[in-house]
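Structure record follows, encoded as structure tokens.
The values are calculated or read from the model by the stated rules, or taken from the named source; none is laboratory data. Computed from a prediction, not measured in an experiment: that's the story for all the values here. Cβ placement follows ideal geometry from the backbone for every residue including glycine, while neighbour counts extend to all protein chains displayed. The area values use the complete protein model at the heavy-atom level, side chains included, leaving out ligands, DNA and RNA. Shrake-Rupley method; radii C 1.70, N 1.55, O 1.52, S 1.80 Å.
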Amino acid sequence: MFNADEQFEKLGLSLPPAPKPLGVYKPCLIDGKYLYLSGHGPVQNDRTLIIGRIGRELTQEEGKLAARQVGLTMLATIKENLGSLNKVKRVIKVLGMVNCTPEFEKHPYIINGCSELFASVWGEENGVGVRSAVGFGSLPDNIPVEIEALFELF
């Protein structure tokens, strides 16, 4: 069987601390065989957030790296609440929200930062689900990317 925890270790990446809710919501919710993750931002290892609007303070490449950091933050929430990435069978849906200037049009490229991470952790077959990538005029605390996702559990 595919081992997502081992695969993550091979990538040589580190997980930031799982964020605590800053409002009235749960970071994750399990309903039967489904795990819903609330919108996550790019939490860094020192608990600070990556800040800035893509197309103004951040480049397209910096935005993609911020989306990967959001993915790592989501993995941290999964590990903290489920104990292992191996409990996730597959990614079902990802919604990526990009804080960008009105003329910016490469939203899918930005969200690839997260999608490529998930594909590398759970494999191409189970790590890639359906997805939307949309632009926003602002996001909380001026973060560049917020992502929510739905996963199927074993």
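Mind checking whether some residue in the stretch 78-96 is acidic (D, E) and over 19 Å from P42 (Cα atoms)? For the stretch 78-96, residues acidic (D, E) and over 19 Å from P42 (Cα atoms): absent.
Kindly indicate which of L29, L82 is of a type outside the set (G, A, S) and in contact (Cβ under 8 Å) with a residue 40 or more places away in the chain. It would help to see each step written out before you state the result.
Numbers: L29 fails: in contact (Cβ under 8 Å) with a residue 40 or more places away in the chain.
The unique qualifying residue is L82.
The condition of being buried (at least 23 other Cβ atoms within 10 Å of the Cβ) and among the hydrophobic types (A, V, I, L, M, F, W, C) holds for F118. Residues of the stretch 76-91 being aliphatic (A, V, I, L, M) and buried (at least 17 other Cβ atoms within 10 Å of the Cβ), which ones? Across the stretch 76-91, the qualifying residues are A76, I78, L85, V88, V91.
Residues in the stretch 96-115 that are in a loop (DSSP other than H, G, I, E, B) and either open to solvent by less than 20 Å² (accessible area, probe 1.4 Å) or modelled with pLDDT under 95 (or both): T101 only. Just to verify a result, which residue in the stretch 121-154, among those that are in a helix (DSSP H, G or I) and either open to solvent by less than 40 Å² (accessible area, probe 1.4 Å) or in contact with a Pro (Cβ under 6 Å, 6 or more places away or on another chain) (or both), is farthest from L22 (Cα to Cα)? So the residue we want is G123.
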